[in-house]
C-alpha cells in the first residue's frame, strides 16, 4: 500500500536516487558548468525542449545541458520546494531580489499598472518605484486594511484599469506584520482581467516561509521567497524562489536563463541541507517568539508590540485574515520602545546575545532598526504612513533557549534611559512684560 508522505519526510530524499551518484545517500554538489551528451541526437533533443521548439514527450526527462539552464542540485531543490506550497513548478535564484525582479519583468509590460501593498521590503520598494518606472510601468500602492471596494476604486481612479498587470502583495508586511487578504486581491484581479490576459496576484511569503502560510491555496498565482531567510535558515547563503503553475514558471525560467541569475550548484546543495530541518527550526522559532512577544507587551519600556500571535477578535479584519491565511503567528516580532531613535539605538547597542544585523529567519536571533536600515530608502512621509517609526525595532527570533533570549532583551530594555514627553510649549501673550 502506497503512503502519502508528508513534506518533512520527503525532504530527505525526494527527487534524488543514490544510484545516480555511486550510492551516495545525500545528493552531491554537481560543481560542473556543462554536461556531456551520449549522442548528438540526444543533444539535439535536449535543446529542442530547452528552447521551446517542441513539447517534451510524456515519458521524456528534461536533459542536462549547461548549468545556466539546469543542474541536478537546482532541479532537486525545485522539486522539494514545490511540496510545501503544493505548487506545480518552482524556479530558484541566486537571491530573493532576483526572483522578484525576474517575475516582475516577465509579466509586466511598458504602460502597465502595478498595484502593490504597503509597506514593502526596502529592496522591493526601491525596485518597483525606481527601476520598473524607468520602463514605463506605473506603480500604485494601497494600505493593508484596504477593502475590496477601495481597491477597485484605486484602480478605476488611476485611469489605467485596462492596463492592470499584477497585484503584488507582501503579507505579513515587512516590518510591521500588517496583513493583506489574498482572496480579496484575487477577486479584484479577476474584475480587471481582459482579452485573455489574466491579472496576476503575486505574494512575497518570506515572513511566513513555506510552512506557516500557503498563498497559492488562497488564490495567488505566484509565491515568492527570499530563500536566504527561513528556507536557508543559517545566515550562510543568499537565494530566492518563485513558485506557481507550470505555464507561468516556464516563462520565469526562460527569462532566468537569459538573465543568468539562476542558483549556483553549491547554493542549491546548501539549501537541500537546510530543507531537512526547516519545519523543526520554524516550529521552535515560533514557539520562542510567542513567549517573547507576550513578555514584551508587558514591559514598561515597550509602547506597542506588532505580532500576529497577539491579535484578538477586537482587531477585526486583521484577526480574521490571520485566522484564514496563517497556521502560526510566526517568529517575526516588531515592537516600539517608548521614545524614538535615541531609545531604540540604546536598546540595540546593549544587546549581548541577539545580533544587531539585518536579514531574518535564521537560527540566531537578529534585531535591527527598520527606519534607518532596511527601509532607509523609503521617504519620511511614507514611513510615517506605514507605521515605520523611529521607535520601531524588528526582531527575528531564533532557536536559542527562550529564557536566555528574554534575559538579553530585558537587560537591554532596562538600559534605555527614561523617556519623558517634552513639556508643551508655553505661548506668551504679546502684551506680556
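Using the rule -39500 (n - 2.57) for each DSSP H run of four or more residues, divided by the residues of the chain, the 222 nm mean residue ellipticity is -10500 deg cm²/dmol. Between 245, 313, 72, the GNM of the chain built on Cα springs shorter than 10 angstrom shows 313 fluctuating the most.
In the elastic network of the chain, a GNM with C-alpha springs shorter than 10 Å, the most mobile of 133, 102, 32 is 32. Secondary structure note: in the chain, about 55% of the DSSP beta bridges are antiparallel. Relative to the longest principal axis of the chain, what angle (0 to 90°, nearest 10) does the C-alpha long axis of helix 246-259 take? Result, in degrees: 90. Residues 306, 126 in ascending order of nearby Cβ atoms (within 10 Å, fewest first): 126, 306. Using only Cα atoms, find the angle between the long axis of helix 96-107 and the longest principal axis of the chain, and express it within 0 to 90 degrees, rounded to the nearest 10. The angle comes out at about 70 degrees. Relative to the longest principal axis of the C-alpha atoms of the chain, give the angle of the C-alpha long axis of helix 265-275, reported between 0 and 90° and rounded to the nearest 10°. So the inclination is approximately 60 degrees. Among the listed values (1) 27, 57, 16, 0; (2) 24, 53, 20, 3, 0, 0; (3) 19, 29, 11, 18, 18, 5, 0, the one computed from these coordinates for P(r) over Cα pairs in 20 Å bins from 0, in percent is (2). Residues considered: 170, 418, 287. Largest GNM mean-square fluctuation over the chain, using C-alpha springs under 10 Å, is found at 418. With neighbours defined as other Cβ atoms within 10 Å of a residue's Cβ, the residues 168, 66, 121 order from fewest to most as 66, 121, 168.
Ranked by how many other Cβ atoms sit within 10 Å of their own Cβ, fewest first, the residues 231, 263, 238 fall in the order 238, 231, 263.
Each value in this text was obtained by applying a stated rule to the coordinates, not by laboratory testing. Note that this is a predicted model, so its numbers are computed, not measured. Please note: Cβ atoms are built from the backbone with ideal geometry, for glycine as well, and neighbour counts cover all protein chains shown.
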